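The values are calculated or read from the model by the stated rules, or taken from the named source; none is laboratory data. All of these numbers come straight from a predicted model, not from anything done at the bench. Note that we place each Cβ from the backbone using ideal geometry, even for glycine, and neighbour counts take in every protein chain shown. These accessible areas exclude ligands, DNA and RNA; they are computed on the full protein's heavy atoms, side chains included. Shrake-Rupley method; radii C 1.70, N 1.55, O 1.52, S 1.80 Å.
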Amino acid sequence: MDPLLIARWQFGITTVYHFWMVPLTIGLGPLVAIMQAAWHRTGNVRYYRMTKFWGKLYLINFILGVATGLVQEFQFGLAWSEYSRFVGDVFGAPLAMEALLAFFVESTFLGLWIFGWGKLPKRIHLACLWIAVLGSVVSAYFIIVANSWMQHPVGVVLKNGRPVMTDVWAVLTNNTAIAAFTHTIFGSLGVGGAFLLGIAWYQLWQRRRDGIDTVDAAGRVVPGEAPGIPGRDRADHGVWIASLRIGAVVAMVAFGGVALTGDYQAKLMFQQQPLKMAAAEGACHTGTSFSVLSVGKLGSKNCDDVTPVIEIPGLLSFLAHGDFTTDIKGINELIPEYQAKYGTTLPDDPKYGARAGQAIDYLPIMEVTYWGFRLMIGFGGAAAFAAAVALWFTRKGTVPRQRWLMQLAIAGILAPFAANSAGWVFTEMGRQPFVVAPNPSGVDGVFMFTAAAVSPGVSFGEILFSVSAFTIVYAVLMVFELRLLVKYVRGGVASALPELAEPGPKDDEPTSGDVLAFAY
């Protein structure tokens, strides 16, 4: 009945759920801004329709992201008060910057973009969207700065048992933060690209199924029209084939960026959190070999139960140091080093409660770290491969008529989401038993065990109630978001441009006096 375990479950559930919205917001936002910029520059109706449709989905996701993000900061004080007290002097600066400089800018200018259709000059209206998009990116940076300080504390001194920030620039330019930020941005672009690809494939497939688009003897598309269906004209075909190709290219480029930044991040982690990386590789013994596949006894903390099945000699050394010969310390060698430096039992301190004196288990859950690392890479690679295949299939201007390929394209949207989630679960759970991991080359004593971070006055029942309530509310919110997304995806461009079904001007700034029409 330890509240620590259920508090960790609560933080994990709410954080992973929130992060399903974040990468889509960060990855889709700049693509919508590029579409609107292309419309302004070319006047092509295709880009106007793309801006309207994808902008609608962007807003739905953004709203849910804001709602779930608010929970994150509140639970710091409610469930993790000891942690908040310990990191407060450091976290105050980046979190204040995130709220005041980034989130307020993001929200304000996104509002101007929503309500500014037909009201603001075109260039100012476009600038509002770009500022909102950049605000999202800057907001992510400040959040990652805070998280990266937990992974690699810098820019502080220890006073009265608490870290006090002495160099805000060191905190903001932490090499761990820069690596994690670039990795996250590329991962988010991968999500945005897959989102465009999967939905555009579905729309092109619908046009083939309904007989609107046909192919000639050479297999090239012949776009058609369906006068009885609003928005199903030749321009509609251009919207979806352009969206699919943009999404596929972005997904492939993003995976390249993820691979490069991930390699740099892994090299840092081998230096900063060697036990996390040893667990991720199933490296029980010191050596140079990379484990392609290892098997072991589920739940075992004994390295003798781990058996390498497929290994590549020298590859682990290359991932860590860029050569093929340097030995990488294994789990069996690292754990005694951690015990000698940080102790074998939790301190006899009131903040640990009944956990004081318990043995410290420095080894993260190997099943989570080992497979989390591989699922992150696997799902990311699968998304990039699917994007390349999609470009090949659509080289003649449309998609095949097979339903199973369409279903596979829709399912492919989930791959980069899964890769992002697996990466964050690996990053956070691999840091255990620390909530603030020690910096091997930093100030001694600047670390915190997770067992000391939970609020001492919160009971198991109280946190169980809150995590149950959050889970139910979040499940309801997910149902609403998915229903809204499905509704507008099925409706196509006409769902974001209802004027296509009405007589009068089409494919231009809204002539209605209702500035909320686009938001609706």
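Across all Cα atoms of the stretch 17-84, the radius of gyration (one decimal) and Dmax (whole number) stand at 17.0, 57 Å.
At the listed q of 0.11, 0.12, 0.24, 0.27 Å⁻¹, the Debye profile of the stretch 227-309, built from one uniform point per Cα, gives log10 I(q)/I(0) equal to -0.56, -0.60, -1.11, -1.22. Bin by bin, in steps of 5 Å, what percent of the Cα pairs in the stretch 191-244 do you find, going until the bin that has the longest distance? Taking every Cα pair in the stretch 191-244, the percentages come to 4, 21, 29, 24, 13, 7, 2, 0. All distinct Cα pairs of the stretch 136-257 go into the 1/r average, and the inverse of that average, the Kirkwood radius, is 18.0 Å. Between Leu298 and Asp210, the C-beta separation translates, for a Förster distance of 45 Å, into a calculated FRET efficiency of about 0.35.
When N counts the residues of the stretch 397-479, how does its alpha-carbon radius of gyration compare numerically with 2.2 N^0.38 Å, as a ratio? Mind showing how you got there, number by number?
Numbers: Rg = 21.1 Å, N = 83, 2.2 N^0.38 = 11.8 Å.
Scaled against compact globular proteins, the figure is 1.79.
Relative to the longest principal axis of the Cα atoms of the chain, helix 234-272 runs at roughly 10 degrees.
Suppose every Lys and Arg Cβ carries +1 and every Asp and Glu Cβ carries -1, with no other charges. What dipole size does the stretch 406-499 come out with about its Cα centre, to the nearest 20 debye?
On the way: 4 positive and 5 negative charges, 64 e Å.
Dipole about the Cα centre, nearest 20: 300 debye.
Going by alpha carbons, how many degrees (0 to 90, nearest 10) lie between the helix axis of 3-42 and the longest principal axis of the chain? Orientation of helix 3-42: about 30 degrees from the principal axis.
Peptides 68-79, 251-262 ranked from most to least packed, by the mean per-residue count of other Cβ atoms within 10 Å: 251-262, 68-79. To test your reading of the geometry: what angle, between 0 and 90 degrees and rounded to tens, separates the Cα axis of helix 414-429 from the longest principal axis of the chain? Helix 414-429 sits at roughly 20 degrees to that axis.
About its Cα centre, what dipole magnitude does the chain give when the only charges are +1 on Lys and Arg Cβ and -1 on Asp and Glu Cβ, stated in debye to the nearest 20? Mind showing how you got there, number by number?
Numbers: 37 positive and 36 negative charges, 337 e Å.
Magnitude of the dipole: close to 1620 debye.
Using only C-alpha positions, report the orientation-averaged shadow area of the convex hull of the stretch 334-490, nm², one decimal. Average projection, Cα convex hull of the stretch 334-490: 14.4 nm². Highest mean packing first, where packing is the average number of other Cβ atoms within 10 Å per residue, the peptides 319-328, 11-20 line up as 11-20, 319-328. Checking the Cα-Cα distances for Lys301/Lys329; Lys276/Lys341; Lys396/Lys487; Lys301/Lys351; Lys56/Lys122; Lys52/Lys396 against a 24 Å cut-off, the pairs over it are Lys396/Lys487; Lys301/Lys351; Lys52/Lys396.
Note on the stretch 116-179: percent of Cα-Cα distances in each 10 Å bin, starting at 0 and stopping at the bin with the largest distance, equals 20, 32, 20, 16, 10, 3.
In the stretch 293-429, a dipole from Cβ-located charges (positive for Lys and Arg, negative for Asp and Glu) runs towards its positive end, and of Leu375, Asn420, Leu408 it is Leu408 whose Cα lies farthest in that direction.
Ignoring solvent entirely, what values of log10 I(q)/I(0) come out of the Debye formula for the stretch 158-215 at 0.15, 0.26, 0.29 Å⁻¹ when each Cα is a single scatterer? With one equal scatterer per Cα and no solvent, log10 I(q)/I(0) is -0.68, -0.98, -1.05.
Apply the Kirkwood formula to the stretch 60-187: the hydrodynamic radius equals the inverse of the mean of 1/r over all pairs of different alpha-carbon atoms; give it in Å with one decimal. Please report the intermediate quantities before stating the final value.
On the way: mean 1/r = 0.0620 Å⁻¹.
It is 16.1 Å.
Run a plain Debye calculation on the chain (Cα atoms as equal point scatterers, no solvent) and give log10 I(q)/I(0) at q = 0.11 Å⁻¹, rounded to two decimals, same order as the q list. Per q value, in the given order, log10 I(q)/I(0) is -1.01.
The helix-based estimate of mean residue ellipticity at 222 nm for the chain, built from -39,500 (n - 2.57) per DSSP H run of four or more residues and divided by its residue count, is -22000 deg cm²/dmol to the nearest 500.
In the stretch 1-154, taking the dipole from charged Cβ atoms about the Cα centre, the farthest positive-side position among Asn147, Gly27, Gly55 is held by Gly55. Ordered by 1.4 Å accessible area with all protein chains kept, Ser136, Ser289 run largest first as Ser289, Ser136.
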